[in-house]
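Notes to accompany the following structure.
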Amino acid sequence: MRNGVVGIKKILFYTLQLSWLMLGFFIYGLSIVLVVKAGLGVSPWDVFHLGAANYLPFTFGQIMIGAGFLCIAISLPMGVRPRSGTILNMIFIGVFTDLIIAGGWIPEADDYLARSLYLVVGVLSCGLATGVYITANMGTGPRDSLMMGLHHITGWRIGVVRTIIEVAVTLLGFLLGGPVGLGTVAFSLTIGFSSELFLSLFCRCGLQEWFIASAASLNPDVGQGAVNKN
């Protein structure tokens with residue numbers, strides 16, 4: 001009987017964990033659409049995605065999924081194995097992005113002030129989404145897998161590897177006609193701080209006794225992990 005109760009609690013825990021992960025993906029898709037609608041330039045990877053969309057018979061989201069698949073495929077021989085969250089990341093951010101665009105949920109920005117606001121909210125939302133899906137602890141994104149794989153085989157610092165990747169995809173996307181602008185520069189310079197802000201906030205919440213007690217009541221492994229960290 002006790003084992004059955006424990007099993008049900010673990011199922012509930014993993015359901016909540018998966019829901020948190022999917023919330024992060026949805027917010028991420030929303031942030032992408034906000035930055036695109038701002039019309040001031042998009043993130044480095046989206047420069048590539050939108051550039052490729054000029055030549056391929058696929059939607060923006062479908063190209064994002066394809067690029068994620070390629071990142072995972074390239075990183076596999078480098079010794080980086082995708083987790084369940086990595087695969088879900090590859091699929092659902094692109095799916096949510098297409099759904100939000102097709103549904104017309106984000107209206108067009110009519111003036112520069114509104115476009116600037118879209119960009120700011122988009123960057124903050126992207127940082128929030130990153131904090132949400134990373135703290136779900138089910139694996140990072142496909143592009144992070146590529147970054148870690150190149151880091152492992154080259155021995156270069158992660159910051160150097162990430163910069164090289166983002167410069168390369170921006171240049172390739174620009175050559176394909178992707179939208180590069182001040183928004184691209186602003187996104188690149190601020191997304192790290194935005195992600196750090198929300199990650200720090202969620203990590204602080206995760207160390208609170210009430211949170212540890214609540215999580216441990218559903219999954220004892222969580223409580224034990226928190227004790228080990230302390």
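Against the numbered list (1) at pLDDT below 90; (2) surrounded by fewer than 20 Cβ atoms within 10 Å (Cβ to Cβ), Val167 comes up short only at (1).
Residue under question is Ile93, and the condition is that it be in contact (Cβ under 8 Å) with a residue 12 or more places away in the chain, of a type in the set (Val, Ile, Thr) and buried (at least 21 other Cβ atoms within 10 Å of the Cβ); does it hold? The answer is yes for Ile93. Determine whether the range 44-55 contains at least one residue that is touching a residue at least 60 places away in the same chain (Cβ under 8 Å), in a helix (DSSP H, G or I) and among the aromatic types (Phe, Trp, Tyr). Yes, the range 44-55 contains at least one residue that is touching a residue at least 60 places away in the same chain (Cβ under 8 Å), in a helix (DSSP H, G or I) and among the aromatic types (Phe, Trp, Tyr). Among the residues of the range 89-117, those identified as part of a helix (DSSP H, G or I) and among the charged types (D, E, K, R) are Asp98, Arg115.
Selection of the range 159-179 for residues being in contact with a Leu (Cβ under 9 Å, 6 or more places away or on another chain), farther than 18 Å from Pro142 by Cβ and hydrophobic (A, V, I, L, M, F, W, C) yields only Leu176. If you go through the range 124-167 and pick out every residue that is assigned to a helix (DSSP H, G or I), over 12 Å from the mean Cα position of the chain (by Cα) and charged (D, E, K, R), you end up with 2. Would you point out the residue of the range 146-164, among those that are of a type in the set (A, V, I, L, M, F, W, C) and within 16 Å of Leu70 (Cβ to Cβ), that is surrounded by the fewest Cβ atoms within 10 Å (Cβ to Cβ)? Result: Met148.
The values are calculated or read from the model by the stated rules, or taken from the named source; none is laboratory data. Only a predicted model underlies this, so the values are computations on that prediction, with no experimental measurement involved. Backbone-built Cβ (ideal geometry, glycine too); neighbour counts: all protein chains shown.
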